[in-house]
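The structure under discussion appears below in the form of structure tokens.
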Amino acid sequence: MPSTHNWINNPLGVVEELFAASQNNPNSGWEAKVVEFFKGHLKEKDAHTSVPSMNDVPLHYLKPDSLVKFRCLIQDMFDPEFYMGVYETVDPSSQAKVLRCGKYKDVTECGVSTSVTFRSINALINDYCVQPQVDFNSRNIVTSERQTFYCVPVPGENSWVKECYADSSQSRALPSTSYAPNRQKRSYEDDDMDGMDAQPQKQREHHAGVQMNPDQHGKADARRKETEVAPGNMASASHLDLNFPLPDEKGPSCLIKVYEDWESFKLNDIIEVYGILSVSPALSALAEDKDASSSLVDPSDLMETTEEQRVHSPPASLVPRLHMLYAKPLAQNNPLLPCATLQDNHAFLSSTLSEMASVRGDFHAYLTRILLGDSMAAEYLILHLVSSVYARRDVLPLGKFTLNMSGCPTVSSYTERLYEVIQQLVPCSFYLGMSLRNMNQMRMVPKKDYVANRLVSGALQLAKNTSLFLDETQLEQGQLDTTGVRNVTALGNVISWQKVDYDFNYHQMEFPCNINVLVASEGRSLLPSDCQIHLHPQVAPDHMDEYLTSIPINAQTTSQLNKFRLYLSVARQMDYNISEEVTKSVEDDFVDMRKDDPHSISAEDLHRMLIVARLLSLSLGHTSLSRDVWLRAKHMEIQRSCRMEQHKSVNGNEP
């Protein structure tokens, strides 16, 4: 196995060496050995932290053709493409032929695309080449297939998550430009796409759209900055629709080239991809030449429309290509959790479970203060925050717990302050003010664009375990138009069935989701919910403004917040069961409660009690339901029901 290569700075060197060795042994399985090589090195202790991340390091700081990683959501899946896995070059002067590897590349050593769809264009380009040319008539060409995923940063990922990931990275990527930066690691939030540095790079001339060998230019020749794109390709992030699901998102989007097992990936999966970065300017030059020479090409070769070409072949300086070597599915994106699953990390799990009860006590006290002294509301908010869909029975998602917190004050932007607190606790979240304008104008459901052959994203294309905060206090008088009605219906489907029906024009396609929905409202929400708790502030109305102003959002220390963050993520992932003994006890309780008054409790009430009992057990660090926790859950539900009855009697117009 290769040992002398710097496998992070020059991963293609590893690939080339294994490919060359395979020429003497056709059955060597060199492609599998490439994957095994990188998987093995990445699994070594802390090796993955040495790989630069596209999430933390601006693109112009990353070395082309180096190994990088990208934490992302699969936003779209394009059609498979064919490429030259193996091709043969011919030296024009000596006529010597050499077999070369085209895998993990967009551009060959001759500066032509490895994609066979460019054959006619490449034939024209090769006429201008003075270096070895690709022999398209060679019998040694091997045509292979790869899949392309369009990936974006995890939607709604909160700043504390990004900072934790960046701080845990040991990599210090040197800039790929000739200037030295003031600091070596910057987040995309701090990076201005319109002007990252005052020192321009020297302009490179392109000859017939041909990119030279990266080994000749890559180390000394820096790739263009985003503001210095090749002529004819003067695009910027503001002019290119990067198709982020949420507004005001920042960070790179990326085309991921997948070579193996692409059937194992699904739309909306969160993955961390390790791959070879491709940002060759020749990609843009080839696209320009393709447009310019389209009149010379057989129309049957032009399978894509102009709009589709624009979407599927964006400037590499803005949407880089990443050739996947290895991808790790992320069940969650909390950087405080160990890489191994909880079940595989017994020491971490046992130590965390031993502190769950005490952390829960501190967390409950913190939320009680945020919720204006309402201890019961704090209990139910904890249950909501640890809830997650753990299974599906037919169409019914099990484990969801949408909470409608009614009675929220409208002074001092209370709901927005409450959301800021939740932002500090969960990895991903999104605040949606349900104003008439938002409901009538926002695109919430993803829609298929057949002209560009892409999935246009919507605000409900979210990663699993995202906290969606719906602020109904923003409601105002007015009428919902057709878009508004569709959006409200879509929100109802997420709450009731944990699904989003994507719009494919002629039909709808159902995509399951796992989104925690919290609805803040003055009265009862117009949306469905699994549970409603009416807020009872322990603060006099005259002192409400003063009290809210006195609550600092970041009242807790970072170490205390990290305990809360870890607590919530662990509780969500814990296993849970009910013994036969406790099941029998619950059944007996249900029968006893209905003896005196058959209408006092319904099957729906029992179902909610069981959900509350499950979430209460998990929040206490218990993996099974005990008799004591069941009685506590039952008492909580009785108290909540009494509060709701009292509220109805006070507010007769409350449904």
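The values are calculated or read from the model by the stated rules, or taken from the named source; none is laboratory data. Please read all numbers here as calculations on a predicted model, not as lab measurements. Heads up, the Cβs are rebuilt from the backbone with ideal geometry, glycines too, and the neighbour counts pull from every protein chain shown. Keep in mind that these areas ignore ligands, DNA and RNA; they rest on the heavy atoms of the full protein, side chains included. Shrake-Rupley method; radii C 1.70, N 1.55, O 1.52, S 1.80 Å.
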Query raised in the report: Any idea how far apart Ser550 and Val98 come out in nm if each label point goes 7 Å out from Cα toward Cβ?
Result: 7.7 nm
Requested in this report: Please list the non-local residues whose amide H lies under 5 Å from the amide H of Ser66, H modeled 1.01 Å from N, same-chain partners needing a gap of 5 or more.
Outcome: Leu277
Report summary line: Nearest-0.05 FRET efficiency for Arg393 and Asn6 at R0 = 60 Å, using Cβ-Cβ distance, is 0.70
Query raised in the report: What is the spin-label model distance, in nm, from Val591 to Ser413 if the labels are put 7 Å beyond Cα along the C-beta direction?
Result: 5.7 nm
**Report entry** Share of carbon and sulfur in the accessible heavy-atom surface of the range 435-537 [1.4 Å probe, %]
**Finding:** 47 percent
Requested in this report: At 0.36 nm per residue, minus the direct Cα-Cα distance, what do Glu304 and Ile638 gain on full extension? Give it in nm, one decimal, please.
Outcome: 114.0 nm
Query raised in the report: Setting aside same-chain residues fewer than 8 positions from Lys33, which lysines have a Cα under 21 Å from its Cα?
Result: Lys43, Lys45, Lys69, Lys103, Lys105, Lys257, Lys328
**Report entry** Two-site FRET efficiency, Glu510 against Asn577, from Cβ-Cβ distance with R₀ of 25 Å, rounded to 0.05
**Finding:** 0.25
Query - Cross-link partners of Lys448 among lysines (Cα-Cα below 19 Å; sequence separation of 8 or more within a chain) - result: Lys266, Lys499
**Report entry** Contour excess over end-to-end distance, with Cα ends at His599 and Ser358 and 0.36 nm allotted per residue
**Finding:** 82.9 nm
Report task. Would you kindly state how much longer the chain becomes between Thr489 and Tyr450 on full extension, computed as 0.36 nm times their sequence separation minus their alpha carbon distance, in nm to one decimal? Result -> 11.6 nm
Requested in this report: Using the Karplus curve 6.51 cos²θ - 1.76 cosθ + 1.60 with θ = phi - 60°, work out ³J(HN,Hα) for each residue of the range 48-60 in order, rounded to whole Hz, and write x for Gly and Pro.
Outcome: 5, 6, 8, 8, x, 10, 5, 6, 9, 10, x, 4, 6
Report task. Determine ³J(HN,Hα), in whole Hz, for all residues of the range 253-266 in sequence, where each value follows from phi through the Karplus function 6.51 cos²θ - 1.76 cosθ + 1.60 and θ = phi - 60°; x replaces Gly and Pro. Result -> 9, 7, 9, 9, 8, 10, 10, 9, 6, 5, 5, 7, 9, 10
Requested in this report: Grab the range 544-655 and count how many Lys pairs have their alpha-carbon atoms under 22 Å apart, sequence gap of 8 or more, or different chains.
Outcome: 4
Query raised in the report: In terms of modelled amide H atoms, which long-range or inter-chain residues lie less than 5 Å from the amide H of Ala327?
Result: Tyr274
Query raised in the report: How high is the FRET efficiency between Ala47 and Ser264 when r is their beta carbon distance and R₀ equals 25 Å, given to the nearest 0.05?
Result: 0.60
Report task. Calculate, for the range 501-609, the solvent-accessible area per residue in square angstrom, rolling a 1.4 angstrom probe over the heavy atoms of the protein chains. Result -> 57 Å²
Query raised in the report: Residue by residue through the range 96-101, which ³J(HN,Hα) values in whole Hz follow from phi under the Karplus form 6.51 cos²θ - 1.76 cosθ + 1.60 (θ = phi - 60°), with glycine and proline marked x?
Result: 6, 10, 9, 7, 10, 9
Query raised in the report: Once amide H atoms are built 1.01 Å from N in the peptide plane, which residues 5 or more positions from Lys499, or in another chain, come under 5 Å H to H?
Result: Val494, Cys513
Requested in this report: Just the number, please: carbon plus sulfur as a percent of the accessible area of the range 1-52, 1.4 Å probe, no ligands or DNA/RNA counted.
Outcome: 46 percent
